[in-house]
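The values are calculated or read from the model by the stated rules, or taken from the named source; none is laboratory data. Everything numeric in this text was worked out from a predicted model, so none of it was measured. For neighbour counting, all protein chains shown are included, and Cβ atoms are generated from backbone atoms with ideal geometry for every residue, glycine included.
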Amino acid sequence: MTASVLAAGTLCAALPAHAAGTLAGTIINNSATATYDLPTGGQDSVTSNIVSLTVDELLDVSVASTDGGDVATSPAATNQVLTFRVTNAGNGNESFVLTARDNVGGDDFNPSATSIVIDSNGNGVYDPGIDTVYVAGANNPLLAPDASVLIFVLSSIPAGATDGQRGRVDLVAVAATGSGVPGTTFAGQGQGGGDAVVGATGADAEDDGFYAVSAASVAFVKSAVVVDPFGGATRVPGSIITYRLVASVSGSGSLANLRIADAIPAGSSFRAGTITLEGAPVSDAADADAGEYTGSGIAVRLGTVAAGAARTVTFQVAID
Amino acid sequence: MRLFLILLAFALPSAALAQNQVALTSEVFVERTVTDASGAARVTLEAPGVVTPGDHLVFVLSYRNNGSAPASDFVVSNPIPDSVVFDGTESPGAAYSVDGGRNWGALSALAVRAADGTSRPATLADVNSVQWRFAQAIPAGSGGQLKFRGIVK
């Protein structure tokens with residue numbers, strides 16, 4: 001009793017502001033004061049009764065995919081990672097039951113969700129063997145109001161998935177106390193001893209993540225132009241051959257660390273300073289630029305090349 | 001010493017109430033929208049034990065002069081509970097405070113000063129105390145009600 005009256009005047013002022021609302025279990029006290037003049041002179045004041053309300057626990061949750069877009073994958077790949085953020089949008093500490101739904105519509109193939117993993121070290125990246133594998137009911141993530149946790153959904157991609165196809169997996173999070181139509185009440189199950197009441201989200205939220213099969217492939221085309229010492233195109237000693245190598249990436253996605261290497265044909269000699277990449281000269285030395293002459297051939301690093309793009313390398317040799 | 005004063009304050013109310021010429025009671029109701037059998041939404045007022053963030057509350061203050069003489073310079077003040085955002089009043093003549101009762105006035109006359117020294121016009125949400133100052137004395141045996149609204153933060 002003493003505590004609640006003190007709260008009316010002093011403790012309430014110290015409560016922190018909260019995005020999810022007043023914390024479950026908080027007691028709201030209200031009282032009014034009236035003052036008036038006494039007929040005998042002087043002033044009297046009267047304080048009303050104190051009305052107390054307990055703030056119930058509101059059960060709310062949100063789930064959002066944090067992948068920037070489709071996650072690139074390939075047919076028959078395993079442990080492919082989708083990432084979601086689960087946030088406690090309620091006003092009390094709450095555990096959430098997680099489920100991955102892999103057999104949903106709106107896609108071209110059904111991935112097979114093999115496990116749900118909690119980002120237990122909080123670094124935002126799936127760490128095999130370090131992050132905790134989720135087991136429903138055994139380690140439901142417990143979140144404070146406004147707190148969130150990253151959840152990884154690992155899936156296998158069917159071998160029959162083809163380039164450009166998309167597969168969808170939904171992550172569902174449900175408040176462990178209960179869910180249902182907003183306003184549904186779980187008597188006495190709220191934090192602080194009050195009721196738990198289902199909020200606007202139904203205490204049940206989900207979001208979808210997509211895998212996209214990206215099967216990029218590269219094709220090399222090599223061509224040669226010969227100029228002989230007489231202005232013709234015959235292959236005689238002294239003729240200059242300009243080789244042109246074109247790497248074309250097709251499919252979808254991109255290829256990383258693409259590299260072109262070509263040997264100098266027997267019976268010919270590399271002409272110094274003739275390597276170009278996309279028309280720009282590349283030095284013969286093995287240095288910071290994209291390529292070099294190795295003594296037996298040329299090598300040019302193209303980096304990451306997106307599907308639909310091509311890179312052209314040229315160099316010259318002289319026929320011995 | 002402080003504890004002693006608090007305990008003393010507790011021993012007093014029943015005696016103090018008996019001596020007071022004016023009685024003042026405070027009630028709180030929550031507005032709930034219910035859908036009846038025909039599907040129509042209806043707003044009801046319930047006396048809540050418990051509330052959730054976002055609930056709309058109606059505070060009702062009832063006063064009555066139980067004495068034999070008029071009560072003049074009658075002033076009723078109600079600090080807004082900390083977990084409640086003030087949402088206006090239906091009772092005319094209210095004055096507001098955004099600084100815990102140091103300054104009172106119409107909302108349009110009040111300003112909120114920010115930490116960087118700038119100030120902006122006060123809004124309903126800034127009000128942390130509401131007050132009614134009666135120009136006329138409350139005659140013996142008469143009373144009335146004052147209402148204001150709030151939303152659970």
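Hand me the list of strands (runs of 3 or more DSSP E) wholly inside the range A:43-128 holding 3 or more residues that are free of Cβ contacts under 8 Å to residues at least 60 places away in the same chain, away from chain B (no Cβ under 14 Å) and of a type in the set (A, V, I, L, M, F, W, C). Don't jump to the end; show me each part of the working.
Details: elements: A:43-47, A:51-55, A:57-59, A:61-65, A:71-73, A:80-88, A:94-101, A:112-118.
The strands (runs of 3 or more DSSP E) meeting that bar are A:112-118.
Taking the conditions exactly as written (free of Cβ contacts under 8 Å to residues at least 12 places away in the same chain and either touching a Ser or Thr at 6+ places or on another chain (Cβ under 9 Å) or within 14 Å of another protein chain (Cβ to nearest Cβ) (or both)), does B:T118 satisfy them or not? Judged against the criteria, B:T118 is not a match. Search the range A:234-264 for residues being surrounded by 15 or more Cβ atoms within 10 Å (Cβ to Cβ) and over 35 Å from the mean Cα position of the chain (by Cα), and hand back the single one that is farthest from A:G164 (Cα to Cα). Applying the filter and picking the extreme gives A:S239. Looking at the range A:160-172, can you tell me whether even one residue there is away from chain B (no Cβ under 14 Å), under 29 Å from B:V34 (Cα atoms), among the small types (G, A, S) and surrounded by 17 or more Cβ atoms within 10 Å (Cβ to Cβ)? Within the range A:160-172, not a single residue is away from chain B (no Cβ under 14 Å), under 29 Å from B:V34 (Cα atoms), among the small types (G, A, S) and surrounded by 17 or more Cβ atoms within 10 Å (Cβ to Cβ). From the set of residues in the range A:183-232 that are more than 27 Å from the chain's Cα centre (by Cα) and hydroxyl-bearing (S, T, Y), which is surrounded by the most Cβ atoms within 10 Å (Cβ to Cβ)? In this case the residue turns out to be A:T185. I need the full set of residues from the range B:23-38 which are farther than 23 Å from B:S91 by Cβ and in a strand (DSSP E or B), in order please. Across the range B:23-38, the qualifying residues are B:T33, B:V34, B:T35.
Would you check if A:A215 is part of a loop (DSSP other than H, G, I, E, B) and modelled with pLDDT under 90? Full working, then the answer.
Numbers: part of a loop (DSSP other than H, G, I, E, B): yes; modelled with pLDDT under 90: yes.
Answer is yes for this residue.
Here A:N140 meets each of (1) farther than 30 Å from B:T52 by Cβ; (2) in a loop (DSSP other than H, G, I, E, B) with one exception, condition (1).
When the range B:39-63 is filtered for residues that are at pLDDT 80 or above and not in a strand (DSSP E or B), the ones remaining, listed by number, are B:T52, B:P53, B:G54, B:D55.
Of all residues in the range B:66-93, those that are assigned to a strand (DSSP E or B) and at the interface with another protein chain (Cβ under 8 Å from one of its Cβ atoms) total 9. Against the numbered list (1) surrounded by fewer than 16 Cβ atoms within 10 Å (Cβ to Cβ); (2) touching a residue at least 40 places away in the same chain (Cβ under 8 Å); (3) within 17 Å of the chain's Cα centre (by Cα), B:L57 comes up short only at (1).
Just one of the listed residues (B:F29, B:F74) is closer than 19 Å to A:A34 by Cβ, at pLDDT 90 or above and among the aromatic types (F, W, Y), namely B:F74.
Listed by position, the strands (runs of 3 or more DSSP E) contained in the range A:254-320 that have at least 1 residues being aliphatic (A, V, I, L, M) and out of contact with any Pro (no Cβ under 6 Å at 6 or more places or on another chain) are A:254-263, A:297-306, A:310-319.
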